Amino acid sequence: MLVYIRVSKIGNRQDTLISDEIQEDVCSKWAEREGLTIVGEPITDLDKTGREMTKRQIRSSIERVRRGEADGIVVWK
């Protein structure tokens, strides 16, 4: 499994954000509980808006799954 983390710090929303560290921890613990193996380092898109998929790394992560590099992608939410 790949871990994908996105945090949008755009718009001065610091008090409502779930940090990348918390997201990584939650994803890792979930994968462990489910008996899944995390492949490589987390893929992170920090300070990226959720509105534009083309500027984020999620597409390349999906392609990695399609090529068989991982079975899926774990995301915080």
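Condition test on Val39, is it open to solvent by 40 Å² or more (accessible area, probe 1.4 Å) and either at pLDDT 85 or above or of a type in the set (S, T, N, Q) (or both)?
yes
With respect to Glu52, determine if the residue is at pLDDT 80 or above and open to solvent by 40 Å² or more (accessible area, probe 1.4 Å).
No.
The values are calculated or read from the model by the stated rules, or taken from the named source; none is laboratory data. Computed from a predicted structure; not experimentally measured. Each accessible area value is taken on the protein alone, full model and side chains, heavy atoms only, with ligands, DNA and RNA left out. Shrake-Rupley method; radii C 1.70, N 1.55, O 1.52, S 1.80 Å.
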